[in-house]
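Quick notes on the structure that follows.
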Amino acid sequence: MISAITWQKKCRQKLGKIAQRWGWISEDDIAILLQERMKGERIGEMLLRHNIITPFQLRILLYRQKRNQKPLGTYLVSEKLLTEAEVERHIQYLHAHNSKYGNNVMNNR
């Protein structure tokens with residue numbers, strides 16, 4: 001599972017590249033900001049700190065990044081760890097489980 005999550009993260013679009021494509025920041029600005037980045041600071045946090053984007057824009061960027069992320073099932077099938085049919089069965093099971101217990105979890109908060 002760790003390999004699958006690592007693969008998924010490596011395939012993910014970089015937040016700065018999405019912001020650049022949308023014209024919110026230039027490639028040169030990203031290079032300069034990365035040199036000033038504090039240890040452990042994420043690009044989105046840095047863009048907020050420098051008032052380059054708003055919190056709303058960061059949420060949009062994170063949504064876009066997550067939406068374009070490749071599913072873990074793709075990795076599991078490509079590495080022949082599961083078949084497509086097995087992945088589909090697991091997804092159906094998770095959907096059924098979540099619909100059965102999802103409301104109870106939310107009500108217990």
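The values are calculated or read from the model by the stated rules, or taken from the named source; none is laboratory data. Bear in mind the structure is a predicted one, so any value in this text is a computation, not a measurement. No Cβ is skipped: glycine too gets one built from the backbone with ideal geometry, and neighbour counts run over all protein chains shown. The area values use the complete protein model at the heavy-atom level, side chains included, leaving out ligands, DNA and RNA. Shrake-Rupley method; radii C 1.70, N 1.55, O 1.52, S 1.80 Å.
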Multiplying the sequence separation of Gln20 and Lys100 by 0.36 nm and subtracting their Cα-Cα distance, what value in nm do you get? 24.6 nm
Two-site FRET efficiency, Thr74 against Ile5, from Cβ-Cβ distance with R₀ of 22 Å, rounded to 0.05: 0.95
Ignoring everything but the protein chains, give the 1.4 Å probe accessible area of Leu62 in square angstrom, nearest 10. 80 Å²
Helix 2-11 versus the longest principal axis of the chain: what is the Cα-based angle in degrees, 0 to 90, to the nearest 10? 40 degrees
Sorting Ile5, Ile53 on solvent-accessible surface, 1.4 Å probe, most exposed first, gives Ile5, Ile53
With every protein chain left in place, what is the accessible area of Lys66 in Å² (1.4 Å probe, nearest 10)? 150 Å²
Mind checking the dipole of the chain: about its Cα centre, +1 per Lys or Arg Cβ, -1 per Asp or Glu Cβ, Debye to the nearest 20? 220 debye
Computed P(r) (all Cα pairs; the chain; 10 Å bins; percent): 12, 29, 27, 23, 9
Sequence gap at least 6, Cα distance under 8 Å: using those rules, report the relative contact order of the chain to the nearest whole percent. 33 percent
Counting pairs on different chains as well as pairs 8 or more places apart, how many Lys pairs in the chain have Cα atoms under 23 Å apart? 16
